[in-house]
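Down below is the structure, laid out as structure tokens.
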């Protein structure tokens, strides 16, 4: 009764009608009238309904206009993003479903997650159907449009045009081989970079290896042709094959007997004298091989009436021999291609050469440059190491080194090499694995497949040779 009286009195006051003192009894009787009591009740219920309807309508509009950021995805790359109701403040949403994911490669699961592998690119318009607390079960579902941006697979933006097979210096765009190397195994893959494939140009990297069974030595050479040199693809090819040719023609049992004796002596008791003798042998033989490689390229350039600089190429090579006490490993390097020797239990890394970076301001040096043979630092380009055993000996071009090690300092860190091995063994975003089981006959193809990894800004030729 009192509530009805107060409501009518407030209503009349809004209309500027006051109840004089002498009419209070009359007003009390008016407010107590059953018809008026029911009228006030109906009015209050309608007002409450209007208020609830407005609150509900406003809440729905808030959700419809609320900005929802969904992480971008990429075609062919696994995607997983959660629509977090608590973070969005949607704890009053009582019914929810997603439409519009058909043929996208994605699905919306029971954990409120968008998951899958997108197979189409573009701005995907996803429909969110929902009800909020307070809406009836038979009320139409509200529709909110969410935008999910799926970027194209970066790899798909690159063309893969075949190189010109009629070219006089043509070679295969991709090569991959596996074989025995000394008493170990070797796998090598050399792949044309995307930047070259995109315009149909040639693979500039090259490699060669040989087991000289009669004398027990095995040889591996890797070369990276300079991108600025128009015939570097031939320069790298000649450089590698010339190294093999030199040692085939000049290493023999007689010339190596003395070295074998020194190697055994050095293993038994390392002295300055044995170290000096080994260094002398390494320098004398490997320097001649390097110079022979230079001469072969020079002869080819003269024969073809072309400038030597057109054949610019780096060159690294390693000789390995198994002795009763372990392995002798001899190396040479010019350019920015590293040679890494990992010990048996993967706790130490020995970088067997220094790279032509840093002091040269990022510029590299090539086997085609005559001045390198007169440079005072030329003798430091050679290395040797005797080890009981090793797990991996790797030679690579900068197409591998740049994306996987980034800076030269990382080549000295064993943790970076272990990360690199983990990557090779499948710990990568593509899940591509190289199985180093010595009985694995598919390893060459596996390594070639692994080399398709994506690294923004790194699209050079890639060559990786692994002795294991």
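The values are calculated or read from the model by the stated rules, or taken from the named source; none is laboratory data. Treat the numbers as computed from the prediction; the structure is a model and nothing was measured. Cβ coordinates were reconstructed from backbone atoms using ideal geometry, including for glycine residues, and neighbour counts include every protein chain displayed.
Checking the conditions here, which among 316, 329 is touching a residue at least 60 places away in the same chain (Cβ under 8 Å) and under 14 Å from residue 242 (Cα atoms)?
Numbers: 329 fails: under 14 Å from residue 242 (Cα atoms).
Result: 316 is the single residue among 316, 329 that is touching a residue at least 60 places away in the same chain (Cβ under 8 Å) and under 14 Å from residue 242 (Cα atoms).
Please verify whether residue 302 is touching a helix residue (DSSP H, G or I) at 6+ places or on another chain (Cβ under 6 Å) and free of Cβ contacts under 8 Å to residues at least 24 places away in the same chain, treating the condition exactly as stated.
Details: touching a helix residue (DSSP H, G or I) at 6+ places or on another chain (Cβ under 6 Å): no; free of Cβ contacts under 8 Å to residues at least 24 places away in the same chain: yes.
The answer is no for residue 302.
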Item to check | Answer from 97, 102 - the residue that is assigned by TED's automatic domain parsing to the domain that holds residue 77 and either modelled with pLDDT of 95 or more or part of a loop (DSSP other than H, G, I, E, B) (or both) | outcome: 102
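Can you give me the number of residues within the range 144-173 that are assigned to a strand (DSSP E or B) and touching a residue at least 60 places away in the same chain (Cβ under 8 Å)?
Of all residues in the range 144-173, those assigned to a strand (DSSP E or B) come to 144-151.
With the extra rule that they be touching a residue at least 60 places away in the same chain (Cβ under 8 Å), the set shrinks to 144, 146-151.
Residues flagged as assigned to a strand (DSSP E or B) and touching a residue at least 60 places away in the same chain (Cβ under 8 Å) within the range 144-173 amount to 7.
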Checklist entry - Are there any pairs with C-beta distances below 7 angstrom linking a residue in the range 269-291 that is in the same structural domain as residue 382 (by TED's automatic domain parsing) and within 20 Å of residue 245 (Cβ to Cβ) to a residue that is at pLDDT 95 or above and assigned to a loop (DSSP other than H, G, I, E, B), with the two at least 6 apart or on different chains, and if so which? => result 290/367
